[in-house]
Amino acid sequence: MLLPMNEKQFEFWTMRRSGVSNITIAHRIGISRQAVSKALLLMNEKIESTLREMANANQIAIETINPERGILIGRSIPFAAAAIIFVSAKHGVQVWYEHDGNCGTCPRYTECIELLWDYADELGIRIEKTADPTKMAEKLFTKAKALV
């Protein structure tokens, strides 16, 4: 299932995830608090369904899931490694496996750094910048797991 990231429901969800209350969302958009609550419930269902589908497709055993934060924590069965699936407003649904990367030679180095910074920003998590995306990811996902 693809998430409707360009729809109002998703916009409400990202605002709530960043700490905006339902009543504030309603005032900003000009609709009732009940309409916001209903939209958020529907979006939570879509987020959870998407996270579960991604876990299934990637053979990840689910340990915990939080659709309100858009985070699934699990363990990759084929890779025997911890895994996290997360929803990013900027990058879509992402799967990240715990690993010791050779980041210095990886062609996706810059992309990983940007993804980690963007995701930390979306969650309001402060991480220290390092030259090693693997280390940044460890810190970010440790903090993200605490949110679940």
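The values are calculated or read from the model by the stated rules, or taken from the named source; none is laboratory data. The structure displayed is predicted, hence computed values, not measured ones. As a convention, Cβ positions derive from the backbone with ideal geometry for all residues, glycine included, and neighbour counts pool all protein chains shown.
Given the criteria surrounded by 15 or more Cβ atoms within 10 Å (Cβ to Cβ), under 16 Å from the mean Cα position of the chain (by Cα), assigned to a helix (DSSP H, G or I) and modelled with pLDDT under 95, does LEU140 qualify?
Against the criterion (surrounded by 15 or more Cβ atoms within 10 Å (Cβ to Cβ), under 16 Å from the mean Cα position of the chain (by Cα), assigned to a helix (DSSP H, G or I) and modelled with pLDDT under 95), LEU140 qualifies.
Out of PHE79, PHE86, PHE141, report the one residue that is in contact (Cβ under 8 Å) with a residue 40 or more places away in the chain and either over 20 Å from MET5 (Cα atoms) or hydroxyl-bearing (Ser, Thr, Tyr) (or both).
PHE141
I want to confirm something. Restricting to segment 90-105 and keeping residues that are outside any strand (DSSP E or B) and either closer than 25 Å to ALA57 by Cα or of a type in the set (Ser, Thr, Tyr) (or both), which single residue is farthest from the chain's Cα centre (by Cα)?
Residue satisfying both the conditions and the ranking: THR105.
Considering each of ARG52, ARG69, ARG126 in turn, give the residue that is more than 12 Å from ALA137 (Cβ to Cβ), outside any strand (DSSP E or B) and touching a residue at least 60 places away in the same chain (Cβ under 8 Å).
From the options ARG52, ARG69, ARG126, the qualifying one is ARG69.
Scan segment 79-89 residue by residue and report those that are over 8 Å from the mean Cα position of the chain (by Cα) and in a strand (DSSP E or B).
Selection gives ALA81, ALA82, ALA83, ILE84.
Within the group LYS46, LYS38, which residue is buried (at least 16 other Cβ atoms within 10 Å of the Cβ), in a helix (DSSP H, G or I), at negative phi and not small (Gly, Ala, Ser)?
From the options LYS46, LYS38, the qualifying one is LYS46.
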